[in-house]
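Below: one structure, written as structure tokens.
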Amino acid sequence: MLKLLKRLWLIMKSPSSAAMGFVLLLGFMGGIIFWGGFNTAMEATNTEAFCAGCHAPIVKEIRETIHYSNRSGVRAICSDCHVPHNWTDKIIRKVQASKELVAFAMGTISTEEKFQARRGHLAHREWQRMQENDSQECRNCHQFDFMDFSEQGARSAKQHSTALASGEKTCVDCHKGIAHQLPNMEGIEGW
């Protein structure tokens, strides 16, 4: 064992191609380990259990909506609607969400009463984010090109085929509160 360590030391201290190969191999293996750990952490923070750690009252609300239980058995969890699916936007959203973890740790929304007091602010911020990205999280499941307007109510079909099709509006403009109780909507356009 000692001979092996001495040999490795000799290889590492001399600038040979073997030493370069060894350093590259260590870097490659370290990169794989880092990437695996990073990806595992990213997926762990996309679970309903993780979200419920800070937002338990909200997770209870979702269980009463069509996004949780429906005739087709398709179920959306928190990250389906609040975390973009493509990688770059997902990373940006995770960095933004780190502020929310700090706020929870500082006690800003640590109780249901504190959360309810800030609910309007949080909802407005989320609606604005979804308006800015054209409700991309909604569109991961609800694709405009495949909507069957004949299966929709007259009002929905009209709105989807005009305002949504033209880009004048996005999903969250009309579907606020689709999976959550609405905050005080006083002063909100269209309410």
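The values are calculated or read from the model by the stated rules, or taken from the named source; none is laboratory data. As the structure is a prediction and not an experimental result, all values here were calculated from the model. Methodologically, a virtual Cβ is constructed for each residue, glycine included, from the backbone with ideal geometry; neighbour enumeration extends over all protein chains shown. These area figures cover heavy atoms from the full protein model, side chains too; ligands, DNA and RNA do not enter into them. Shrake-Rupley method; radii C 1.70, N 1.55, O 1.52, S 1.80 Å.
Kindly indicate the residue of the stretch 107-117 that is of a type outside the set (Val, Ile, Thr) and open to solvent by less than 30 Å² (accessible area, probe 1.4 Å) and also modelled with the highest pLDDT among those meeting that condition.
Looking at the filtered set, the residue picked out is Gly107.
Is it true that His82 is touching a residue at least 40 places away in the same chain (Cβ under 8 Å) and more than 15 Å from the chain's Cα centre (by Cα)? Working first, answer last.
Working: touching a residue at least 40 places away in the same chain (Cβ under 8 Å): yes; more than 15 Å from the chain's Cα centre (by Cα): no.
Against the criterion (touching a residue at least 40 places away in the same chain (Cβ under 8 Å) and more than 15 Å from the chain's Cα centre (by Cα)), His82 does not qualify.
Would you confirm whether any residue within the stretch 118-136 is among the polar types (S, T, N, Q), more than 30 Å from Trp35 (Cα to Cα) and exposed (fewer than 12 other Cβ atoms within 10 Å of the Cβ)?
Within the stretch 118-136, one or more residues are among the polar types (S, T, N, Q), more than 30 Å from Trp35 (Cα to Cα) and exposed (fewer than 12 other Cβ atoms within 10 Å of the Cβ).
Return only the number of the condition from (1) modelled with pLDDT of 85 or more; (2) closer than 24 Å to Thr170 by Cα that Thr45 does not satisfy.
Of (1) modelled with pLDDT of 85 or more; (2) closer than 24 Å to Thr170 by Cα, only one is false for Thr45: (2).
What are the residue pairs meeting all of these: first residue in the stretch 50-76, first residue closer than 19 Å to Cys141 by Cβ and among the hydroxyl-bearing types (Ser, Thr, Tyr), second residue open to solvent by less than 30 Å² (accessible area, probe 1.4 Å) and in a loop (DSSP other than H, G, I, E, B), Cβ atoms under 7 Å, and 6 or more apart or on different chains?
Short answer, once both residue conditions are applied: Thr65/Ala179.
If Met147 satisfies every condition in (1) at pLDDT 85 or above; (2) closer than 22 Å to Ala97 by Cα; (3) surrounded by 12 or more Cβ atoms within 10 Å (Cβ to Cβ) but one, which is the exception?
(2)
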